[in-house]
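Everything on this sheet refers to the single structure shown next.
Throughout, read-outs are computed from the coordinates displayed, never taken from laboratory work. For clarity, every value in this text was computed on a predicted model and none was experimentally measured. With ideal geometry, Cβ positions are generated from the backbone for all residues, glycine too; neighbour counts draw on all protein chains shown.
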Amino acid sequence: MNQKSKDKKDEKEPFDTELDEEGAQSANDEELSFEEQLEQATNKAEENWDKYLRAVAEMENIRKRSARDIENARKYAIESFAKEVITVVDTFEMSMESDDLNIDDLVSGNKSTMQLIKNILEQFGVTMIDPHGEPFNPEFHEAMSMQQSDKVEPGTILTVYQKGYTLNDRLLRPARVVVATEPEEK
């Protein structure tokens, strides 16, 4: 035999090796008794069953943990907001406990408290809608009535009864407004 054919005989393809190993496994299985094969299969089945039970338990733990996290998020979502509002309550309480109240101090205190509330709302993404003089937008405004006017374009907001609010661009409450219409012709 020449060198090339000898090298080819020694050199096996990867698939041939796998087949040889499978063949060796088959030979080993044939050498094992039926009881030994059954015991191996039973052990493998128990191992797989254990893996399955562990996976099911892990999924159940993940589900419970997620439910607990969601519940806590609901419970404590406004925690930081509540802490800020408490400072407003404290400010009102201090003003109420003052012995010498005069109207100017009361008005000044109320303006300061109102500014504090607006700052807190803004800090948490709440934006005020004050559409006076703007075109009516049904997405953010609720028309309470219509009023004839020749001073502004029809569809323009004349009066704001109640300001609206959005939370991160999502409407919390529409602004309640009076909308201008064309005056009647005489």
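Some points to look at:
- Solvent-free Debye scattering, log10 I(q)/I(0), computed from the Cα coordinates of region 125-186 at q = 0.16, 0.21, 0.29, 0.30 Å⁻¹: -0.47, -0.72, -1.13, -1.19
- Footprinting exposure proxy for H132, H141 (fewest neighbouring C-beta atoms within 10 Å first): H132, H141
- Residue exposure sequence - D100, D130 - by fewest surrounding Cβ within 10 Å: D100, D130
- Of S33, S108, the sequence from fewest to most neighbouring Cβ atoms within 10 angstrom is S33, S108.
- With the simple spin-label model, which puts each label point 7 Å out from Cα in the Cβ direction, the N61 to K75 separation comes to 2.2 nm.
- Dimensions (Å) - region 54-186, Cα atoms, principal axes, largest first: 85, 52, 18
- Placing unit charges on the Cβ atoms of the charged side chains and taking the dipole of region 33-126 about its Cα centre, the candidate lying farthest along the positive direction among A67, G109, Q37 is Q37.
- Signed unit charges on C-beta, dipole axis of region 65-174, positive-most listed residue I78, Q123, M146: I78
- Convex hull volume of the Cα atoms of region 78-124, normalised per residue: 46 Å³.
- Those chymotrypsin sites (Phe, Trp or Tyr not before Pro) in region 89-186 that DSSP places in a loop and that have at most 16 other beta carbons within 10 Å: F124
- Restricting region 117-176 to trypsin sites (Lys or Arg not before Pro) in coil, as DSSP defines it, with at most 11 other Cβ within 10 Å: K151
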